[in-house]
Amino acid sequence: MAAKGIDAEVDYYDLLGIQITSTEKEITKAYRVKALAVHPDKNPSPDAATLFHTLSEAYEVLKDVQAKAAYDKLYRARLDRKKKQMEMDSKRRKAQEELESRENAAKRTKTDLSEAEAQYKKELARLREEGAKRRQEDWKTEEVVPEMPETTELDCALKIKWKRKKHAFTEESIKELLNTIGKVDTIAFSEKKKGSALVVFKTVVDAHAIMTNKDTNQSLALFESIDWATGKEPAIVGRLNADYQKQQAARQAHYANDTRQTIPTGKPLFSAGSQSSFFRNISASAIKLSSNGPKLSDKDYETITLMQLRNSEREKTLRKLKEGGQ
């Protein structure tokens, strides 16, 4: 009868507060103590009757040898299942923890990469900003390049003097003489100073041609002096002279540093197909203007180019004169 009332899911030993190895005497003593505490007549708790009934059931099973053996068998099986379940739960928990750990590590790596990329972009933006600031500061500290002044009529004018006792020049004779070198626009004789006149040329190039040829052209040797009307050369001519001097200095430095030996070829220096004209010697780099001077308009650039051609022609004439003198 007792075996039929066995409830394997209830831990009778825990309910009585004893061990599975306890003797029958220890089981009876434990039951009496517990029963006295939970008896409905002495315990006002609403669960006292149910607890007393379960306690009595446990005592009836455990004091019967056969019932106890059957219960113990179920009890041990339940403990084994519980142990295996706990072990399984432990493995599952460990696997779950490892999975979560790997996921967290992957998230941290992704986060670190994102932070590193964000930091890189931030530093790149900072460097670009600093570079832009430095360039802006450099632009602010750069020297302001003045614009080339417009060519005026005075820039095209020359003041000439001659000795009246030797030459009786007229407006027509002076114009005819000078037109072979530079085209004359107007001539005005000085009323105060005899033997002098102000000559206005068509362009500053024409006036510059007279100035560059006054020491080599025999026709111009008839004049005692030829000078710019304003007493100083126009700005565009000063620019030409400055650039020309820089080109000459650069050319001399180039040849001074050129240590290559010249090997005779047996051919004439200027053959028919060599195109040795001074136009060939004036390359694009020869007329390249300095970037440190005033800014030039297209018209000024053309004027300076023509002046440089005039200078080159003048140098060629001087070389010929020197060669003829030798």
Notebook entry, point to check: Where residues in the stretch 151-166 are under 15 Å from Ser225 (Cα atoms) and either in contact with a Ser or Thr (Cβ under 9 Å, 6 or more places away or on another chain) or polar (S, T, N, Q) (or both), which of them is most open to solvent (accessible area, probe 1.4 Å)?
Noted result: Lys159
Item checked: Residue pairs meeting the criteria (Cβ under 6 Å; at least 6 apart or on separate chains; first farther than 20 Å from Tyr75 by Cα, in the stretch 35-64; second small (Gly, Ala, Ser) and open to solvent by less than 60 Å² (accessible area, probe 1.4 Å)) -> Val38/Ala48; Pro40/Ala48; Pro40/Ala49
Note to self: Please verify whether Lys82 is under 30 Å from Thr23 (Cβ atoms) and either among the β-branched types (Val, Ile, Thr) or surrounded by 10 or more Cβ atoms within 10 Å (Cβ to Cβ) (or both), treating the condition exactly as stated.
What the structure shows: yes
Check: Of these, Asp112, Asp89, Asp138, which one is within 30 Å of Asp7 (Cα to Cα) and part of a helix (DSSP H, G or I)?
Finding: Asp89
Next item on the list: Among what's in the stretch 200-228 and is outside any strand (DSSP E or B) and polar (S, T, N, Q), pick the residue that is most open to solvent (accessible area, probe 1.4 Å).
Entry: Gln218
Item checked: Asp155 part of a strand (DSSP E or B) and not β-branched (Val, Ile, Thr) -> no
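Every residue, every condition in (1) without any contact (Cβ under 8 Å) to a residue 40 or more places away in the chain; (2) closer than 22 Å to Ile210 by Cα, yes or no:
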{"site": "Thr109", "(1), (2)": "yes, no"}
{"site": "Lys140", "(1), (2)": "yes, no"}
{"site": "Asp155", "(1), (2)": "no, yes"}
{"site": "Glu176", "(1), (2)": "yes, yes"}
{"site": "Phe189", "(1), (2)": "yes, yes"}
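The values are calculated or read from the model by the stated rules, or taken from the named source; none is laboratory data. All of these numbers come straight from a predicted model, not from anything done at the bench. Neighbour counts are summed over all protein chains in view; Cβ atoms, including those assigned to glycine, are modelled from backbone coordinates with ideal geometry. In case anyone asks, the SASA skips ligands and DNA or RNA and just uses the protein heavy atoms, side chains included. Shrake-Rupley method; radii C 1.70, N 1.55, O 1.52, S 1.80 Å.
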